[in-house]
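See structure below.
The values are calculated or read from the model by the stated rules, or taken from the named source; none is laboratory data. Model, not experiment: these values are computed from the prediction. Note: ideal-geometry Cβ built from the backbone for every residue, glycine included; neighbour counts use all protein chains shown. Just so you know, the surface numbers come from the protein's heavy atoms only, side chains and all, with ligands and any DNA or RNA stripped out. Shrake-Rupley method; radii C 1.70, N 1.55, O 1.52, S 1.80 Å.
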Amino acid sequence: MIHLSFIREQPDKVRKGAKNKGEVIDLDSLLNLDNEHRSLLNSLNELRAERNRVSEEIGKTKGTGKDALDSIQAMKKVSQQIKELEEKVGVLAEQLNSKLLRIPNLPHDSVPIGKNVEDNVVIREWGDEHQFDFTPKSHLELGASLNLFDFERGAKISGSGFPLYIGKGAKLERALINFMVDMHVDQYGYTEVFPPFLVRREAMVTTGQLPKFEEDMYHTEVDDLFLIPTAEVPVTGIHGNEILEEEDLPIKYVAYSACFRREAGSYGKDTHGLLRLHQFNKVELVKYVTPGSSYDELESLTAQAESVLQALGLRYRVVELCTADLSFASAKCFDLEVWAPGEKKWLEVSSCSNFEGFQARRGNIRYRREDNRKVECVHTLNGSGVATPRLLVALLETYQREDGRVEIPEVLQPHLGIKELA
RNA sequence: GGAGAGAUGGCAGAGUCCGGUUGAACGCGCCGCACUCGAAAUGCGGUUUACUCUUUUGAGUAACGGGGGUUCGAAUCCCUCUCUCUCCGCCA
């Protein structure tokens, strides 16, 4: 969340940032609430100060053997007042917090201002368009002929959007996950973690899924736990309510997880095959860094995600999101889009974001500076490195041959044990 | 699922029975200064966080796992929730 004092001091910046993101916020009611809260809080503190002072006197008086009935009677009244004020202040604080949690993060100054997806900016492209001397098939056709997945039976078990991978398809999925996790650990020094897939509310609030997007999440009623939409949630939660040492930063984690998304409101979009799913697999990179380094860390994070696609020899482009397309919690974000020759589309396989202190404040994730030993919030970043379903689409469609077989990129062969899918 | 024990500051660990200058002893760590060519050792001083008010200085309030209660006053008493540990049961 945005620091309250920042909102007080620079409300226009907050309004402008939210407006550029296309978010409607009501700062006036928040600021009024804040004023009321502070004024009551001051009265409350004065009363408590009085009570503390007199209570101490009572203790001393009793110590000398005298009674202090008058003071006790007076403090009874004061305590009653305190109790009433505490209730009011508590209600206001809750309302204030709830409003605060719904204020989006502000875009970084470098983010292009835009009205919609059209205004995103392609930063760079990598790889040449694969030349086919036949008409490339879609991943659906390839998957069917090679018997890699079975969407009908997946839907029979769980509903549409829950793919069932079979045989070499299942193994390919597992190989991709292993390949990516190993790469980030071995080449870039990430620490591998295997997080829980169900999390408490607090973890979802920290990363920004709650309270605003509860309807997009799978929720288990009885235990009040949420299925994670991304490993970002549990992995960012790892250091919640902690004070880290600056010398331990940056902390870098890589995690595989299944991801669960209700995709409420996106019915009819990308409905076929592996393009949009309720459950999918993803390898996620999460960094905790010092504020001064977070934009450099965003660059390296993006580069590391890109290197997965490079190693697999897949054509892709890096897109800088404009303000309108930036997510609620993000200050700046690069999307990686891989080219799928069968679909003839760019497919988003990664989002690399800097959240600055937005998540850290929500989750109370801080660090102690080396120079002055002061405590401040870390910056958090994360990026997919990368998500498998669309990666699999691009892989199959890119490496297909006319005879319907699919070559396996060399880097993947040790993980899969075969050179082609036939 | 059953029975029991516990949760205190960066760490470790008193205080809880018998509520009152205890934001919290002693120690470790950390920071500063002194001594030293330098280091170690030693000595001295300092060392929680959040919020509010204040131009600076400073002052106040809150927090001993979370929430609630009793009381003039709660780390300390009561209730409740969460978590951790031990034993039993069940189980991949």
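Couple of notes before you dig in:
- Scanning the range A:150-168 for residues that are out of contact with any Lys or Arg (no Cβ under 8 Å at 6 or more places or on another chain) and in contact (Cβ under 8 Å) with a residue 60 or more places away in the chain yields a count of 7.
- Members of the range A:364-386 found to be crowded, with 24+ Cβ neighbours inside 10 Å and either assigned to a strand (DSSP E or B) or under 14 Å from the mean Cα position of the chain (by Cα) (or both), listed by number: A:365, A:367, A:379, A:380, A:381, A:382, A:383, A:384, A:385, A:386
- Residue check for residue A:102: out of contact with any Phe, Trp or Tyr (no Cβ under 6 Å at 6 or more places or on another chain), closer than 30 Å to residue A:34 by Cα, more than 16 Å from RNA strand B (Cβ to nearest atom) and touching a residue at least 24 places away in the same chain (Cβ under 8 Å): yes
Yes or no, residue by residue, for (1) within 10 Å of RNA strand B (Cβ to nearest atom); (2) open to solvent by less than 60 Å² (accessible area, probe 1.4 Å); (3) among the hydrophobic types (A, V, I, L, M, F, W, C):
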| position | (1), (2), (3) |
| --- | --- |
| A:35 | yes, no, no |
| A:38 | yes, no, no |
| A:45 | yes, no, no |
| A:59 | yes, yes, no |
| A:76 | yes, no, no |
| A:83 | yes, no, no |
| A:88 | no, no, no |
| A:92 | no, yes, yes |
| A:95 | no, no, no |
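- Of residues in the range A:145-164 being small (Gly, Ala, Ser) and in contact with a helix residue (DSSP H, G or I) (Cβ under 9 Å, 6 or more places away or on another chain), the one most open to solvent (accessible area, probe 1.4 Å): A:160
- The single condition from (1) over 30 Å from residue A:329 (Cβ atoms); (2) among the small types (Gly, Ala, Ser); (3) more than 10 Å from RNA strand B (Cβ to nearest atom) that residue A:29 fails is (1).
- Residue within the range A:169-188 that is in a loop (DSSP other than H, G, I, E, B) and surrounded by fewer than 15 Cβ atoms within 10 Å (Cβ to Cβ) present: no
- The residue that is farthest from residue A:340 (Cα to Cα), counting only those in the range A:312-327 that are open to solvent by 40 Å² or more (accessible area, probe 1.4 Å) and not in a loop (DSSP other than H, G, I, E, B), is A:325.
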